[in-house]
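Shown next, in C-alpha cells, is the structure this report addresses.
Here, each number is a calculation from the coordinates, and none is a lab measurement. Values in this document were obtained by computation on a predicted structure and should not be read as measured data. Here the Cβ is made from the backbone with ideal geometry for all residues, glycine too, and neighbour counts use every protein chain on show.
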Amino acid sequence: MFAVRDLQPGIIVGHVERFGEDFYTWDDYAKFDAQTKRMVDKFCASTKDGFWGPPDINYIPPIWHTNHCCSGNDAFDEEDNFVTIRVIKEGEELCFDYGLLITNPNFKLVCKCASPGCRGVITGNDWQDPVFSRENIQIMSEGMRGLCLRRSDDK
C-alpha cells in the first residue's frame with residue numbers, strides 16, 4: 001500500500017467498521033484449503049486461540065495488505081481505525097508495526113525493515129515487553145491495549 005498523496009498525521013486510512021472482522025478458532029483454520037490457510041497466515045491477526053479475519057475469508061480488505069516496519073507510519077487510534085501517525089509523503093509505503101496487533105505466541109517474523117529501531121525479530125509476545133508496551137500503548141489495537149493494561153494491573 002502506497003500513499004497517492006501526502007498525508008498528515010491523524011488521517012484514517014482504514015475504518016474499523018469496514019474491516020468486518022470475525023474471530024476464527026484454530027479448529028476452523030484446520031478445515032480451510034491450503035490457499036486459504038496461506039491467506040490467513042499472511043494477512044490475519046492471530047492470537048493463541050485463533051485469528052481475526054473478514055466474514056468472507058477469501059476477501060482480504062485492501063488495508064490488510066499493509067506491510068510491517070518497526071518504525072511504522074500508521075497504527076491504531078482509540079476506536080481501532082488505522083491512522084497515520086506521522087507525515088507520509090506521496091509514493092511512500094504505508095506500514096505498521098505488527099507488534100501493535102499480534103498476540104499469537106507462535107508468531108515469528110524475521111524483520112528486514114532496516115529502520116533505525118528495527119527489532120530484528122517480531123513475535124506475538126512483543127506486547128509483553130514492558131518498554132515496548134509503555135512506548136506504544138497509545139497506538140496499539142484496542143484489544144492489545146486492554147491486554148497491556150490488565151498485565152500492568154496484575155503486577
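How far, in nm, would the chain grow between Ile137 and Ile60 when pulled straight, counting 0.36 nm per residue and subtracting the alpha carbon separation?
In short, 25.1 nm is gained.
Can you list the equivalent-ellipsoid semi-axes of the chain, largest first and in whole Å, using the square root of 5 times each Cα gyration tensor eigenvalue? Don't skip to the answer; put the middle values down first.
Details: eigenvalues 105, 84, 47 Å².
After scaling each eigenvalue by five and taking roots: 23, 20, 15 Å.
So what J values fall out for region 117-126 if you push phi through Karplus, 6.51 cos²θ - 1.76 cosθ + 1.60 with θ = phi - 60°, rounded to Hz, Gly and Pro as x?
Per residue, the Karplus-derived 3J(HN,Hα) values read x, 4, 8, x, 10, 9, 10, x, 10, 4 Hz.
With charges set only on the Cβ (+1 for Lys and Arg, -1 for Asp and Glu), what does the dipole of region 66-136 come to about its Cα centre, in debye to the nearest 20?
420
Determine the percent antiparallel among the DSSP beta bridges restricted to the chain, to the nearest 5.
90
Taking the Cα centre of the chain as the origin, how large is its charge dipole in debye, to the nearest 20, when only Lys and Arg (+1) and Asp and Glu (-1) carry charge on their Cβ atoms?
In debye, rounded to 20, the chain gives about 560.
Got a sec? Charge dipole of region 1-107, +1 on Cβ for Lys and Arg, -1 for Asp and Glu; which of Phe51, Phe82, Ala30 is way out at the positive end?
With unit charges placed on the Cβ atoms, the residue in question is Ala30.
Roughly how many debye, to the nearest 20, is the charge dipole of region 23-74 about its Cα centre, given +1 on each Lys and Arg Cβ, -1 on each Asp and Glu Cβ, and no other charges?
140
I need to check one value: relative contact order of the chain, counting alpha carbon pairs closer than 8 Å and at least 6 residues apart, in percent.
Here the relative contact order equals 26 percent.
Note down the nm distance, to one decimal, between modelled labels 7 Å out along Cα→Cβ at Asp33 and at Val4.
So the label points at Asp33 and Val4 sit 3.2 nm apart.
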